Amino acid sequence: SSITEFILLAFADTRELRLSHFWLFLGIYLAALLGNGLIITTIACDHTLHTPMLYFFLLSVSLLDLGSISTILPKAMTTSLWDTRDISYAGCAAQVFLLF
């Protein structure tokens, strides 16, 4: 037999706790998007920050953080909100590929 999907463990069994997890994940996601977006915008607009170390290091770290949090957290939020406990094999492979 072949594997078509994986079963995820739930964070909580009650609807109220799942909703609180969703709002917590949403807050973390929006804060990360806003913070990294501000860093990228500041570096792009301020020409005094275009030194090689600041420009390369901060921009790279911000982009890596945006990519990693945008790979994992949306699936965790949908799992918490809709009580879906499965992920397809292709979806899992895509998450692992995009994370690394």
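The values are calculated or read from the model by the stated rules, or taken from the named source; none is laboratory data. A quick note: this is a predicted structure, and the numbers were derived from the prediction, not measured. Backbone-built Cβ (ideal geometry, glycine too); neighbour counts: all protein chains shown. Surface accessibility is based on the protein's heavy atoms, side chains included, excluding ligands, DNA and RNA. Shrake-Rupley method; radii C 1.70, N 1.55, O 1.52, S 1.80 Å.
Just checking, does region 35-50 include any residue being closer than 17 Å to Gln95 by Cα and at pLDDT 85 or above?
No, the conditions are met nowhere in region 35-50.
If I go through region 9-60 residue by residue, how many of them are open to solvent by 100 Å² or more (accessible area, probe 1.4 Å) and in a loop (DSSP other than H, G, I, E, B)?
So the count comes out to 3.
Among the residues of region 61-89, write down those that are open to solvent by 50 Å² or more (accessible area, probe 1.4 Å) and over 29 Å from Thr14 (Cα atoms).
Scanning region 61-89 gives Val61, Leu63, Leu64, Asp65.
Would you confirm, using the coordinates I've provided, whether Leu9 is out of contact with any Gly (no Cβ under 7 Å at 6 or more places or on another chain) and without any contact (Cβ under 8 Å) to a residue 40 or more places away in the chain?
In short, no.
Determine, yes or no, whether Leu98 is surrounded by 11 or more Cβ atoms within 10 Å (Cβ to Cβ), out of contact with any Phe, Trp or Tyr (no Cβ under 8 Å at 6 or more places or on another chain), within 30 Å of Ser2 (Cβ to Cβ) and hydrophobic (A, V, I, L, M, F, W, C).
yes
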